[in-house]
Each structure stands twice: as structure tokens, then as C-alpha cells.
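> A single structure is presented below for examination.
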Amino acid sequence: MSEPAGTEEPSSERSSSAGTFSQVFAKALEGNTVTVTVLAIVTAAVVGGLLAAFTNPVVLHAPAGDIIPKAWSVVAGTYVALFEGSIVNPHTVAAFFQQASLPTAVHDGFLGAVFNPLSETCVAATPLILAGLAVAVPYQAGMFNIGGQSQLIGGMILSAWLGFGVSMPIVIHVIVCVIGGFVGGAVLGWLAGEIKARTGAHEVIVTIMLNYIMAYLLAYLLSSPSLLQKPGSTDLITPEVASSAHLPQLFGNGIMRVNAGFLLALACAFGAWWLMNRTTTGFELRAVGANPSAARVAGMRVEHAWVLVMSIAGGLAGLGGTAIVLGTDFAVNPSNFGTYGIDAITVALLGRGRPAGVVWAGLLFGALTAASPGMQSQANTPVQIVQVLTSVIVLFVAAPPLIRTMFRLRATRARGVGTTMSKGWNA
Amino acid sequence: MERQSVSGMQLELKGITKRFGSLVANDGISLSVTPGQVHALLGENGAGKTTLMNVLYGLLQPDEGEIHIDGKAASFHSPKDAIGAGIGMVHQHFMLVPPFTVAENVTLGIEQVRPGGLLDAGRTRREVRELSHRYGMDVDPDAIVEDLPVGIQQRVEIVKALVRNASVLVLDEPTAVLTPGETQELFRIIRQLRDSGTSIIFISHKLKEVQEIADTITVLRRGKVVGERKPPATEADLAALMVGRDVQLRVTKAPATPGDVVLSVDSLVVPAAVSSVHGTPATASTQAPVNGLSFDVRAGEILGIAGVQGNGQTELCEALMGLLPVASGSVRLNGKDLTQATPRARLDAGIAYVPEDRREDGLVGSFSVAENLVLNSYDRKPFARGITLSLPTIAANAMARIKEFDVRTESPAAPAGSLSGGNQQKVILARELGEGTKLLIASQPTRGLDVGSIEFVHKRIVEQRDQGVAVLIVSSELDEIYALADRIAVIYEGEITGFRPPGVDAAELGRLMAGGTDLPNTPLPEDAP
């Protein structure tokens with residue numbers, strides 16, 4: 001498909017719809033993909049609420065006349081628990097103000113309790129943001145990095161090893177470990193990029209396979225006492241990293257776990273934006289992503305760009321693993337990499353492939369993660385419903401036409417990363 | 001569904017108006033197509049030809065106006081309605097299923113079924129053979145479409161329309177994809193169809209072709225009918241109608257004053273590509289696309305490489321830019337060997353390149369005009385400061401270049417892909433024609449452009465020559481070669497069959513383009529299909 005633009009006359013896509021109001025609304029939406037995203041989240045919240053209500057045994061076994069009130073109370077309970085678990089719990093605020101004096105309240109940890117839900121949201125968001133960037137940045141260069149998982153593990157292994165196996169002075173140690181985590185992930189990203197550049201193997205296949213390889217390599221390392229396994233332990237776990245390698249907590253050693261890893265994630269998001277939009281390297285990466293032929297003709301080294309962007313992405317995912325090891329878990333076991341590498345794809349999709357979007361999407365999913373225990377215990381809403389909720393959000397975001405149809409918005413040429421990502425498998 | 005002898009159909013479009021938002025693509029167009037005539041629609045890109053035909057074919061609904069068939073109003077809500085009414089359309093981009101046979105493609109959608117639900121493949125094949133024979137189309141019903149040359153694929157489209165009993169056949173820019181030989185074949189078929197009573201609507205922006213084939217010429221400009229002519233109308237007259245002012249079809253240029261040799265190509269061989277820039281798979285042919293080419297281009301002269309498309313021109317240009325590997329031979333710029341240099345090194349050495357496929361190779365469609373204007377200089381001063389981009393400088397450069405080259409864009413931040421073909425080409429020229437250019441390589445620089453843009457591009461190229469730049473033009477448009485070249489080289493199957501002065505007559509160039517050599521009294525090889 002390369003017909004010259006000039007020979008194509010305006011086609012039906014631009015055909016006007018009747019009514020000035022809808023036109024004004026549609027104009028507001030055109031290019032304003034944020035609106036679509038917000039509508040998608042709202043729609044998903046409604047759908048999720050319905051699911052939560054009508055899978056709840058209390059609602060299912062209620063007498064016919066009682067179903068609606070019961071359902072309403074379940075939905076309300078679920079979203080109250082979500083709010084209390086991820087942003088602020090009014091009870092803790094009340095408790096804070098019931099204390100005798102402000103200094104004692106702060107000293108006894110009541111202030112910490114007020115901000116703890118936000119802290120947990122940030123903690124859960126940190127690896128999601130970093131791994132999300134690892135998907136979003138290569139996407140701008142035309143690459144699908146499905147290997148967040150392997151790169152995250154790579155970062156964990158190296159940062160953990162540097163954390164417990166090497167002793168260094170206090171500030172230097174943590175810096176070395178963070179750099180090590182970046183390198184650990186970057187090596188895996190580089191490998192995927194290099195394989196694609198040299199052999200043309202599709203990076204999706206390569207990165208998926210590396211995910212398996214790294215998961216089992218980690219299991220092997222953790223089961224070998226001479227390698228990473230904690231001496232004298234039969235569990236699959238590494239020794240604890242030295243306290244000099246811990247990422248400092250932002251609000252002292254209290255209950256709030258939020259640590260420098262979150263700031264690192266925000267800095268990386270800014271750095272990724274700056275790299276892609278303000279530097280010559282970013283210009284090159286974006287050009288290669290948008291049109292590799294034209295980039296090559298303009299003298300850019302396309303293969304070099306692939307390798308570079310995958311290395312950067314791997315490093316970012318590696319930092320996500322580092323933040324887990326040095327920020328909250330302080331040891332590596334076969335489960336603490338979770339599903340961050342895969343969830344990262346969802347985060348990048350919801351963030352429309354842009355660093356700022358990834359931060360917001362990471363925070364949203366972080367909030368859902370942080371609140372899901374509370375939703376389960378308080379509202380009896382199973383954690384699976386939370387996962388369905390996130391999936392429904394992404395489903396709507398990935399299909400803007402669906403949202404536009406539902407809200408009767410004029411169809412526009414879909415340019416967002418959401419749609420192109422799902423189309424891109426043919427590339 | 002045996003095809004009956006064609007009963008002529010009187011087709012009339014009355015006051016068709018089609019708007020897209022604020023843009024009026026068709027503004028009260030009326031058109032009357034007489035049975036058994038070739039009716040040409042002539043207009044620049046964007047004049048509204050394709051929109052009008054999409055209205056006729058039921059793909060678009062007109063905002064105003066009516067379609068009349070034999071005096072009765074008809075309304076088409078889908079192509080199915082239009083086909084049912086006897087209208088056939090051959091799109092610029094073929095609607096064929098490449099791995100299917102010709103017969104399968106023809107029968108697609110109107111499958112003949114025998115009792116028991118089995119396909120009656122034999123019947124379609126007979127029909128294709130019969131039609132092919134009647135109009136001298138030489139189409140084999142059992143051939144696989146993707147193996148066929150473009151010209152034959154087009155005939156398959158025509159057969160498709162005829163099998164559906166089309167009595168009005170719309171051909172949208174049918175010659176854009178054809179070689180001159182194939183064009184002549186198409187014209188022969190069109191004449192036979194016309195003589196048997198089919199009406200043809202022939203859409204084009206090429207003056208010569210329209211004059212050659214049309215019985216009536218309707219000229220469109222900015223969505224309106226601006227004139228109707230019967231051949232022979234003068235080309236200048238038609239061109240003036242199309243663009244709304246008098247156009248110089250010939251570039252006025254001073255005689256060349258060639259200087260030193262700038263580009264020297266010696267015995268260049270480019271092997272059959274494993275994959276080109278576009279990643280197209282290797283063909284089975286072992287013949288090297290560029291097979292021992294030698295030529296020089298001097299400062300201040302334009303060397304035009306003429307030839308039928310597909311004789312190694314694309315590969316030659318890509319090899320000169322370092323985009324394809326070279327097997328043997330050498331490329332020198334001002335005596336410096338660049339045979340193995342990277343594309344970047346060649347650009348740095350002062351080569352400017354206007355690629356054949358501007359959308360694929362020349363521009364990043366989703367990038368802004370401003371970004372495209374620095375696509376190969378973004379990392380150099382003054383557009384880069386260290387590792388960062390200097391956005392103010394890039395913006396200022398865009399404003400200056402847009403003004404200088406009269407690029408019609410709503411803003412420098414508009415995506416280049418949203419511009420018309422002519423304006424896209426202006427962006428590429430604005431980027432490439434800068435300070436320090438020693439050699440300009442332009443491949444098909446005006447393909448798909450309207451008359452006004454062609455004139456602009458040609459003037460700029462001659463301007464470069466006059467400033468002492470060596471210029472290499474590769475074009476399959478003889479008009480372009482004549483308009484620009486100070487010296488003509490003809491390429492055939494990857495070899496140069498001869499150099500000629502610009503005054504040489506077209507027959508002689510045609511002989512060389514068909515593989516004739518410089519040796520006198522050589523019998524002309526037959527141009528096998």
C-alpha cells in the first residue's frame with residue numbers, strides 16, 4: 001500500500017455526521033484520546049461493579065425483591081474498599097484527629113496510617129511503571145517487547161547478587177546495585193534486539209522464549225547453594241540484601257513502604273519522554289519505528305536502533321525488578337517477580353505508549369493491586385474480579401471504536417497506540 | 001450468465017454534489033456518457049475524479065444530484081446496486097485475491113453453482129476464455145493472479161466487470177501502473193470494447209493519453225466541470241483548463257555547461273537482492289538487476305536515465321545510495337571511492353536523494369513536516385546541540401523551507417502524510433536541495449504529481465544544475481527525460497544500451513528501451529509479452 005497521497009480523494013471516513021452537538025463533542029474527542037481512556041475506565045467500573053454484584057453469593061441467594069438493594073450494597077462496598085485501600089481510609093483520618101496532640105499522633109504512627117494506602121499504591125505501581133516503560137519505549141521504535149518478565153528477572157538477579165554478595169559503603173552500595181539491576185535487564189533486552197538485528201527473528205517470539213528461559217534459570221540459581229540459594233536453607237530464596245543496599249524509604253522507617261524506587265520510576269518516565277522527544281537518538285528511534293525504509297534512506301542505522309532501544313527497555317524493566325528486591329522484598333524467590341512483565345503490556349496499552357500515560361496507568365493498576373486485599377476482606381469481592389476489572393478497562397481502551405460507538409462519538413481515524421498495537425502483529 | 005451483445009446504455013450524472021465537511025469534492029457535476037464512447041475525465045490530483053466515480057459506483061452517497069440510466073433516475077446504495085445496473089469499475093489498486101486463479105477471481109461473489117452445491121468452475125473458465133478471445137486479451141483462466149504481470153492483472157479486472165455484464169466500464173488511472181507497451185495494449189482493448197458498444201469512462205491526469213484514447217474529454221478542476229473538449233484539443237488548452245492558468249510544459253533552460261566529472265559509475269553490478277529496503281522476497285531470477293553499468297555525470301549537467309520501469313532503475317538508485325549491496329564495480333564521487341560507503345557517509349559526501357517511492361522511502365508520514373525537513377540532518381548543527389534537538393532551530397528551518405518551496409500545509413506541525421503528493425514531494429526537495437549538494441539523484445521525481453507541481457519540481461532541478469550540481473534523473477516518463485536531460489542514457493535489463501543527445505527522436509529511444517544496441521543494422525528484438 002503506497003499510493004501517493006495526492007491521488008486519493010477524501011474517502012468516506014471523513015463523512016460528516018448530522019447534528020452540531022455531536023460534531024462539537026466529536027471535535028473535542030478527536031486527538032483527545034484521554035477522553036476515550038477516561039470513558040473506558042468509567043465503563044469498566046460499571047461493568048466491574050455489575051460483575052462484583054452478580055457473582056456475590058449474598059446477591060445470588062437474596063429473595064427477588066431484595067436483589068437490587070443487596071447488589072447495590074455489594075457494589076458500594078467494593079468501591080468503598082477500593083478507595084479506602086488505595087487512597088485514604090476515613091477511619092484512619094478520624095483516629096489521627098482523635099489523638100491528644102499532633103506530635104504524639106505523628107510519633108505513634110497515626111499519620112502513617114492515613115497515608116499508608118497511597119504508599120501501598122505507589123509501591124505496587126513502581127515495578128508496573130518501570131516495566132510499562134520497557135514496553136512503551138520500544139513500541140515507539142516499532143518493537144514489541146514482550147520480554148519485560150525476563151528483563152525484570154535479569155535485573156533482580158544482578159541487583160540481588162550485588163546486594164548480598166558484595167559489601168560496599170552505604171550510599172555507593174545502593175547506587176551500584178541499581179546500576180547492576182539496569183545492566184542485568186539491559187543484557188536481556190540487548191540479546192533480543194541483537195538476535196532480531198542479525199537474523200531477523202521476530203522480537204515477540206524471542207522475548208517470549210527468553211521469559212521462559214529466565215524464569216527457569218532463576219529457579220535453577222535459587223536451588224543451587226553454590227550460586228544464589230541462601231546458605232543452609234532448603235527454600236528457593238536468596239540471602240537478604242545488605243541494609244546498605246536498601247532503597248531508602250521516603251518517610252522514615254515507619255509503616256509506609258514507599259521508597260526511592262518510586263522516585264526512580266518517575267525519573268525514568270521523565271527520562272524516557274526526554275530521550276524520545278528531545279534528543280537526536282530519540283528522533284532516530286521514532287523515525288525507525290514510524291518508517292524504517294525512510295529512516296534507512298535518511299542514513300539512519302535501523303538495526304542499531306533496534307538493539308539500542310531494546311537494551312534501554314531491558315534496563316528499565318531490570319530497574320523494575322531492582323525496585324522490588326531493594327525496595328520491598330530484600331530477597332529473591334521464584335514468585336516475587338509476579339506477573340509484572342506481562343502486566344506491563346497492559347499498562348503500556350492503557351498509557352497509550354507514552355511515558356506520562358504509563359505513570360498514570362501504573363498508578364491506577366497499582367491502586368487496584370493495593371486495594372484488592374481490602375476488597376476481598378471487606379466487601380467479599382474476590383481478587384479475580386479486580387483482575388477482570390483491569391482486563392475490561394484495557395479491552396475498552398484497546399478498542400476506541402467500541403467506546404466511541406457506545407457514547408455515540410464520531411468515528412475518527414484511530415491513531416492511538418491502543419489500536420495500532422493490536423494491529424501491529426501483522427507488521 | 002452468458003454475456004449478451006452489449007446494449008448501449010445512456011448514463012447521465014446530473015448536478016452531483018458531494019461534500020466532506022467543509023470541503024466540496026464534487027460541486028454540481030453533470031456528465032453525459034454516450035453509448036459506445038470513450039469519455040475521459042481529466043483533472044489534477046484532488047480535482048474530484050475519484051470521488052465522482054465512487055458516487056457512481058455506490059461507494060459514496062451524493063449530497064445532491066441524481067444518476068440517470070436511460071432517462072430513468074437510479075440510486076446506488078452499494079457497489080452491488082451499481083453492478084446490477086451495468087456499471088463496472090477497475091480501481092487503481094486491483095481488488096484481486098493474489099493466490100487465486102484468474103477464473104476463481106472472476107467468479108468470486110457470483111459463483112456458478114451446479115446442483116448439489118458444487119462450483120461450476122468449468123463454466124467460468126469457458127466464459128473467461130471466450131471474453132479473452134473476443135477482445136484479444138490473452139488471459140489464461142487457470143493462471144495464478146500473483147504470477148501475472150500488472151498489465152494482465154488489469155485485464156482480469158476488466159474481464160471481471162464484463163462477466164458481470166457491465167455496459168459502462170470505469171477505469172481509474174489505468175495507465176499509472178503500466179509500461180508504455182502495456183498502455184498501448186490496453187488502448188487496443190479499450191477500442192475493441194468501445195466498438196462493441198461498451199461505454200468507457202477513462203480517468204486520468206495525463207494529457208497525451210487522454211487525447212489519444214478519448215472521444216470526449218471532460219475537464220474537472222476543484223470539484224467542478226471546467227470544460228468539455230473533443231480531440232484533437234491542444235495540450236496547452238487542456239493543461240490550462242486543468243490548472244486554471246497557462247502552464248509551461250517545457251522547462252526553459254539554458255544550455256548546460258558541464259564541468260568536471262562528479263559521479264563516476266564503473267561496471268556496477270548489483271546482484272538479485274535477498275531483500276531490498278522494502279523487504280520484498282528474492283525473485284527466482286538469477287539475472288542481476290544492475291548488470292555492469294558504467295556512466296559519468298558531470299557538474300552542471302543533467303543525465304537522464306530513460307527506460308521502461310523494472311529494468312534496474314530502482315536497484316541502481318538504491319545501490320548508489322548504499323541501500324543495496326554491490327557485487328562488483330565502483331562508485332566514485334569526485335574521485336573518492338564510495339562503493340562500500342554507508343548511506344550516511346554518502347549523504348555526508350554531498351549526495352542528495354529524491355527516492356522513487358516518496359511515501360515509503362522519502363518521508364515518515366506520521367512525523368511532522370518540520371521533522372521530515374531535518375530527517376537526515378537532525379543530528380548535526382544547527383539542528384542538534386550535543387545530544388539534544390534544537391527545537392527552535394528546527395521550527396525556524398521549517399518555516400523558511402515551507403515558504404521557499406511553497407509547501408501547502410496548515411502548519412509545520414502537520415503530519416507529512418496528510419499532505420497531497422505534490423506537497424510531499426516539495427518537502428523532500430526542500431530537505432534535499434540544500435547547501436553543499438554535489439550530486440542530486442532523483443528517481444521518478446514527478447510521478448503522480450499534477451501539472452503545476454511537475455513544473456515546480458522541474459524548475460528546481462534545473463536550478464540545481466545551473467548552480468553546478470551534477471544531476472542524475474531516473475524516469476520512465478519520456479516527457480520528463482526530454483524536458484530535463486542534457487544527455488540521455490537508456491537502460492535495458494540492467495545495462496545501458498546507449499547514450500543520446502537530448503534532441504534524439506522518440507523512436508530511437510524506444511528502440512534502445514526495447515534492448516536495441518548502438519550497433520547499426522541490428523534487428524529489433526520482439527517485445528515479448
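No value in this document is a laboratory result; all are computed from the given coordinates. Values in this document were obtained by computation on a predicted structure and should not be read as measured data. Here Cβ is always computed from backbone atoms with ideal geometry, including for glycine, and neighbour counts include all displayed protein chains.
> Show the residues, 5+ positions off or on another chain, whose built amide H is closer than 5 Å to the amide H of B:L440.
B:A352, B:A470, B:V471, B:L472
> Residues of the stretch B:439-467 with amide nitrogen under 14 Å from the 7 Å Cα-to-Cβ point of B:A349?
Answer for this model: B:439-441.
> Let me ask something additional. Taking the Cα centre as origin and putting +1 on Lys and Arg beta-carbons and -1 on Asp and Glu beta-carbons, what dipole magnitude results for the stretch A:127-355, to the nearest 20 debye?
520
> In addition: Rounding to the nearest 20 debye, state how big the charge dipole of the protein assembly as shown is about its Cα centre with +1 on each Lys and Arg Cβ and -1 on each Asp and Glu Cβ. Could the numbers behind the result be given before it?
Details: 71 positive and 83 negative charges, 397 e Å.
Once rounded to the nearest 20, the dipole reads 1900 debye.
> Over chain B, what per residue volume does the convex hull of the Cα atoms give, in whole Å³?
Convex hull of Cα atoms, per residue: 175 Å³.
> Further, regarding this structure: Given axes a ≥ b ≥ c from the Cα gyration tensor, I'd like to know whether the stretch B:353-436 is rounded (a/c under 1.5), prolate (a/b larger than b/c) or oblate.
Here the stretch B:353-436 falls in the prolate category.
> Cα centroids of the stretch B:394-445 and the stretch B:199-218: how far apart, whole angstrom?
That distance is 32 Å.
> Out of residues 5 or more away from B:G65 or on other chains, whose amide H comes under 5 Å of its own, with H placed 1.01 Å from N in the peptide plane?
Close amide H contacts, sequence-distant or interchain: B:T17.
> Can you say what percent of the DSSP beta bridges in the stretch B:11-243, counting only those with both residues inside, are antiparallel? Round to 5.
55
> Looking at the protein assembly as shown, what % of its DSSP beta bridges pair antiparallel, to the nearest 5?
The antiparallel fraction comes to roughly 55 percent.
> Whose amide H sits under 5 Å from the amide H of B:R221, counting only residues 5 or more places off or on another chain, with H placed in the peptide plane?
When sequence neighbours closer than 5 places are left aside, the close amide H contacts are B:V226.
> I'd like to know which of A:A323, A:F365, A:G289 lies farthest towards the positive end of the charge dipole of chain A, counting +1 on Cβ of Lys and Arg and -1 on Cβ of Asp and Glu.
Value computed over the given set: A:G289.
> Can you sort A:F270, B:F405 so the residue with the fewest Cβ neighbours within 10 Å comes first? Walk me through the numbers on the way to the answer.
Working: A:F270 13, B:F405 20.
So the residues, fewest neighbours to most, are A:F270, B:F405.
> Treating the beta-carbon of each Lys and Arg as +1 and of each Asp and Glu as -1, no other charges, what is the dipole magnitude of the stretch B:11-243 about its Cα centre, to the nearest 20 debye?
380
> Same structure again: In whole Hz, what ³J(HN,Hα) sequence does the stretch A:376-384 give by Karplus (6.51, -1.76, 1.60; θ = phi - 60°), x for Gly and Pro?
Listing the rounded values in order: 5, 6, 7, 9, 6, 9, x, 4, 4 Hz.
> Okay, next question. Projecting each Cα onto the charge dipole of the protein assembly as shown (Lys/Arg +1, Asp/Glu -1 at the beta carbon, about the Cα centre), which of A:V75, A:M310, B:T393 comes out farthest on the positive side?
It is A:V75, whose Cα lies furthest towards the positive end.
> Explain nothing, just compute: Karplus ³J(HN,Hα) = 6.51 cos²θ - 1.76 cosθ + 1.60, θ = phi - 60°, for every residue of the stretch A:285-302 in order, whole Hz, x for Gly and Pro.
Listing the rounded values in order: 4, 5, 5, 4, x, 7, 7, x, 5, 5, 4, 5, 4, 7, x, 7, 9, 4 Hz.
> Further question: If you rank B:L373, B:L60 by fewest surrounding Cβ atoms within 10 Å, what's the result?
B:L60, B:L373
> Something else now. Provide, in order from the shortest bin, the percent of all Cα-Cα pairs of the protein assembly as shown in each 20 Å bin, continuing until the bin that contains the maximum pair distance.
12, 35, 33, 17, 4, 0
> Roughly what would the spin-label model give for A:L263 and B:K208, points 7 Å off Cα along C-beta, in nm?
Label-label distance for A:L263 and B:K208, simple model: 7.2 nm.
> Can you tell me the mean projection area, over all orientations, of the convex hull of chain A's alpha carbons? Units nm², please.
Taking a quarter of the hull surface, the average projection is 27.6 nm².
> Gap in Å between the Cα centre of the stretch A:257-293 and the Cα centre of the stretch B:497-513?
So the separation of the two Cα centres works out to 55 Å.
> Translational diffusion coefficient of the stretch B:261-513 at 20 °C, 1.002 mPa s, Stokes-Einstein with Kirkwood Rh over Cα pairs, in µm²/s as a whole number.
Numbers: Rh = 18.6 Å.
The diffusion coefficient I find is 115 µm²/s.
> Roughly what % antiparallel, to the nearest 5, for the DSSP beta bridges in chain B?
55
> For the stretch A:125-138, take each phi angle, set θ = phi - 60°, evaluate the Karplus expression 6.51 cos²θ - 1.76 cosθ + 1.60, and give the result in whole Hz per residue in order, putting x for glycine and proline.
6, 3, x, 5, 5, 5, 5, x, 4, 5, 8, 5, 5, x
> Choose one of B:Q61, B:A442, B:G468: the residue whose Cα lies farthest towards the positive end of the charge dipole of chain B (beta-carbon charges +1 Lys, Arg; -1 Asp, Glu; about the Cα centre).
B:Q61
> Sticking with this one: Neighbour counts of other C-beta atoms within 10 Å: give me A:R278, B:R358, B:R380 arranged from fewest to most.
Taking fewest neighbouring Cβ atoms as first place, the list is B:R380, A:R278, B:R358.
> Give the peptides B:138-144, B:210-216 in descending order of average Cβ contacts within 10 Å, highest first.
Averaged packing, sorted descending, gives the order B:210-216, B:138-144.
> Taking the convex hull of the alpha carbon atoms in the stretch A:45-174, what volume per residue do you get, in Å³?
Convex hull volume per residue, Cα atoms: 222 Å³.
> What does the charge count around B:L96 come to, taking other residues whose C-beta lies under 13 Å from its C-beta (Lys +1, Arg +1, Asp -1, Glu -1)?
-2
> Over all pairs of distinct alpha carbons, what does the Kirkwood formula give as the hydrodynamic radius of the stretch A:127-355, in Å?
Final number for the Kirkwood radius of the stretch A:127-355 is 17.5 Å.
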